[in-house]
Number of protein chains: 2
Amino acid sequence: MVDDNFYLELAIKEAWKTQCQTLPNPAVGALILDHNGRILALQAHQEAGKPHAEVLALKEAYFNLTQDSNILPLEQSIQIHEYLKQKAHSLFHNATLYVTLEPCMHEGKTPSCAALLESLGIKKLIIGTKDPNPKAQGGAEYLQQRGCKIIKAWENKELQKSSILANDLLLPFNSLQKKGNFILFKYACRLNGSINGGQISSKETQIFMHNLRCKLDELVISGKSVLIDNPILDSRFNSLQSQKNPNITILTRKNDFPQTAPLFSIPNRQVRILHSIPNFSGFIMCEGGINLLQNLLPQIDMLLVFLSPTLSTYDLAPHFNANFKLLHSQPIRNDLALWLLPKKEC
Amino acid sequence: MVDDNFYLELAIKEAWKTQCQTLPNPAVGALILDHNGRILALQAHQEAGKPHAEVLALKEAYFNLTQDSNILPLEQSIQIHEYLKQKAHSLFHNATLYVTLEPCMHEGKTPSCAALLESLGIKKLIIGTKDPNPKAQGGAEYLQQRGCKIIKAWENKELQKSSILANDLLLPFNSLQKKGNFILFKYACRLNGSINGGQISSKETQIFMHNLRCKLDELVISGKSVLIDNPILDSRFNSLQSQKNPNITILTRKNDFPQTAPLFSIPNRQVRILHSIPNFSGFIMCEGGINLLQNLLPQIDMLLVFLSPTLSTYDLAPHFNANFKLLHSQPIRNDLALWLLPKKEC
């Protein structure tokens, strides 16, 4: 059935495409319907410091309605805000906005979305989940007081499913807010679970991975992996404008760990070699095999598996027992990315 | 971007939900926009003999526009056709229909969709792929001659991606048409590839599986699996109205195969015990482990994997090397269904 859940879930799925790439910002998706119910735009926030999902959706919607291509080169949020305020007039007066997260009230790197929505006269807002950030929340109340009809999924029985999905989308952001870090474990494997035998993932999956590496505070790897794979661990395949090679933490029991792997020669990066798991801070990604996963599982907030649809005779590493909640899956060309939440045993 | 590809792909995804459940009919999805571009309906064909996707979408769209609940209990295609012809008047005159497959011209178990679309005055049709069935094709030309604007994805460069996806959707149907059988291999596994250790899939996945079993001409299993698992292989968890327990072919090298498993006691089923792979006819599903998959791979048209997001210490069966194209993936509660096409080596 094509209802509010349907549109909200389209926005949620769009937002998963840039999950974690937006950190320290939340992943957010937005969809706009015109007064007749036609979809004008479907967009997701791409990176912190860049326009929020609502702003990108308004930009797309404005272009769809006007064909005014002057808006297309505008990439800074403040530019788009100003342009829309000047040019949109009554275009959006009867539009409906679906957004996975309450629009911000906060003038941070970009102007407040709530203020922009007010000045454009958006009539109706369907919101997936409340902004948990005390600095940014209040957008829903602000707009409601100014005559906008607000539907909050978390207070609406019929939107319960979307509300849960919108909450799942926020897990990395919430983790970072609440405990100061978000720890993502990533591995690539084949259909039969094998993780050895050279490059598993496609080029497109590597780009996806390298985009995430640009956003890391730290990349964690086992000493064993460094010695066997001799990795570079940079982000050279990223498709973002701002390449940043992640700092590295090597976990090893070895003293005098040999510093010969190419990862040590990457400029502008810190490498630390540790004998025990430290207190992590920020967005952390652990890349490794099943042994490292088993050791780190109690610390891990989310698991990201890149599954390649092949079978191979390469042996599987010894496994252990663990259950996960499937949060989201998305095809990346011929691979599949699975976002999984560890089920902590009671 | 929200364009014809976007809507066509929504219809394609909807159709994958009932992939193979529609056999011997093709899986088909349909989406309707009103004259303002609002989505009125998104539907898929459910089972052979039941209404086609277009008819279900028109039914949903009619109800959305009129709130006339008299149409809701109508389940037979002919009833819906007649009701719409009588009541819809000019409701759909400016509507746009996206359909993954050319509307049928064929009066089979249900009246022709092309004739219905003509009489309702649908203005524009976007079609994913040509009907390969000589008995049913011609719907596009018929409607075009009667003033309907037809966009054929397979002749349109901008819709090339959707056209390929719409074609993939037809693979089971086309296989059945062209070579008289469609052979689907199914197995369930965990994230680490393990397939032993009791029930892997959730109840929802079992329902999905049992729906497919209702549609089989034959279920193929290895003698080894019968002896180890002692299975019933019925379709008791199906959610369709028409339960049918599949006929069974057991492949074994054993003479005097013991007929003790519960599968032998299911009424109205044929069981045959064979020592070599026969010439299959119709919709065939093979359920088994990696050894059976390896033996049957040259015969197999498609692989369906139900992936459960768990790790376990159960050993993996010995594997072999094989590559697949990921045709489609869909979450079923906490499991994931992967539809895979074997890549035949040249």
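All of the numbers you see were taken from the coordinates with simple rules; none came from a lab. Just so it is clear, the model here is predicted, and its values are computed rather than measured. In this analysis, Cβ positions are derived from the backbone assuming ideal geometry, glycine residues included, and neighbour counts consider all displayed protein chains.
Would you order B:I250, B:I266, B:I78, A:I122 from fewest to most other beta-carbon atoms within 10 Å of each residue's own beta-carbon? Numbers along the way, then the final one.
Details: B:I250 25, B:I266 17, B:I78 13, A:I122 22.
Fewest-to-most Cβ neighbours within 10 Å comes out as B:I78, B:I266, A:I122, B:I250.
Considering only B:H52, B:Q67, B:S112, whose Cα is most displaced toward the positive end of the charge dipole of region B:1-154, charges sitting on Cβ of Lys, Arg (+1) and Asp, Glu (-1)?
Value: B:S112.
Full extension from B:H89 to B:H35: what is 0.36 nm times the residue separation minus their Cα-Cα distance, to one decimal in nm?
Here the segment from B:H89 to B:H35 would lengthen by 18.0 nm.
For B:E75, place a label point 7 Å out from Cα along the Cα→Cβ vector, do the same in each other copy, and report the separations in nm, one decimal, smallest first.
5.7
With +1 assigned to the C-beta of every Lys and Arg and -1 to the C-beta of every Asp and Glu, and no other charges, what is the dipole magnitude of region B:4-177 about the Cα centre in debye, to the nearest 20?
With only Lys, Arg, Asp and Glu charged at Cβ, the dipole is about 160 debye.
Need the C-alpha centroid separation for region B:140-196 versus region A:1-60, integer Å.
29 Å
Based on alpha-carbon centroids, what's the gap between region B:272-346 and region A:76-104 in Å, whole number please?
Their Cα centres are 49 Å away from one another.
Measure off 7 Å from each Cα along the Cα-to-Cβ vector at A:S265 and A:N291, then give the distance between these two points in nanometres to one decimal.
The answer from the label model is 2.7 nm.
Rounded, prolate or oblate: which fits the protein assembly as shown, taking a ≥ b ≥ c as square roots of the Cα gyration tensor eigenvalues, rounded meaning a/c under 1.5, else prolate when a/b beats b/c?
oblate
Comparing A:L176, A:L56, A:L274, which has the greatest mean-square fluctuation in the GNM of chain A with Cα pairs linked when under 10 Å apart?
A:L274
Evaluate the relative contact order of region B:4-177 (contact order divided by residue number), counting alpha-carbon pairs under 8 angstrom at least 6 apart; express in whole percent.
Over region B:4-177, the number comes to 22 percent.
Taking 45 Å as R0, compute the FRET efficiency from the Cβ-Cβ separation of A:Q160 and A:N196 and round it to 0.05. Display every interim value, and only then the final one.
Details: r = 43 Å, r/R0 = 0.96.
That gives a FRET efficiency of 0.55.
Most exposed first by the Cβ proxy, i.e. fewest other Cβ within 10 Å, how do A:K124, A:K59 rank?
Ranking A:K124, A:K59 by Cβ neighbours within 10 Å, fewest first, gives A:K124, A:K59.
Looking at chain A as a GNM with Cα springs under 10 Å, which of A:S281, A:S175, A:S69 has the largest mean-square fluctuation?
A:S69
What FRET efficiency comes out for the pair A:Q299/A:K178, r = Cβ-Cβ distance, R0 = 25 Å, nearest 0.05?
0.95
Add -39500 (n - 2.57) for each DSSP H run of 4 or more in chain A, then divide by its residues: what number comes out at 222 nm, to the nearest 500 deg cm²/dmol?
Working: 10 runs with 98 residues, N = 346.
That comes out to -8500 deg cm²/dmol.
Nothing charged except the Cβ atoms of Lys and Arg (+1) and of Asp and Glu (-1): what's the magnitude of the dipole of region B:120-258 about its Cα centre? Round to the nearest 20 debye. The partial results should precede the final answer.
Values: 21 positive and 11 negative charges, 71 e Å.
So the dipole magnitude of region B:120-258 works out to roughly 340 debye.
Between A:A53, A:A15, A:A115, which gets the highest mean-square fluctuation from a Gaussian network model of chain A, Cα cutoff 10 Å?
Answer for the Gaussian network model of chain A: A:A115.
Quick one: putting +1 on the C-beta of Lys and Arg, -1 on the C-beta of Asp and Glu, what dipole do you get for the protein assembly as shown around its Cα centre, in Debye to the nearest 20?
700 debye
Which is farthest toward the positive dipole end of the protein assembly as shown among A:L23, A:V220, A:P132, measuring Cα position about the Cα centre, with Cβ charges +1 (Lys, Arg) and -1 (Asp, Glu)?
Working it through, the farthest residue towards the positive pole turns out to be A:V220.
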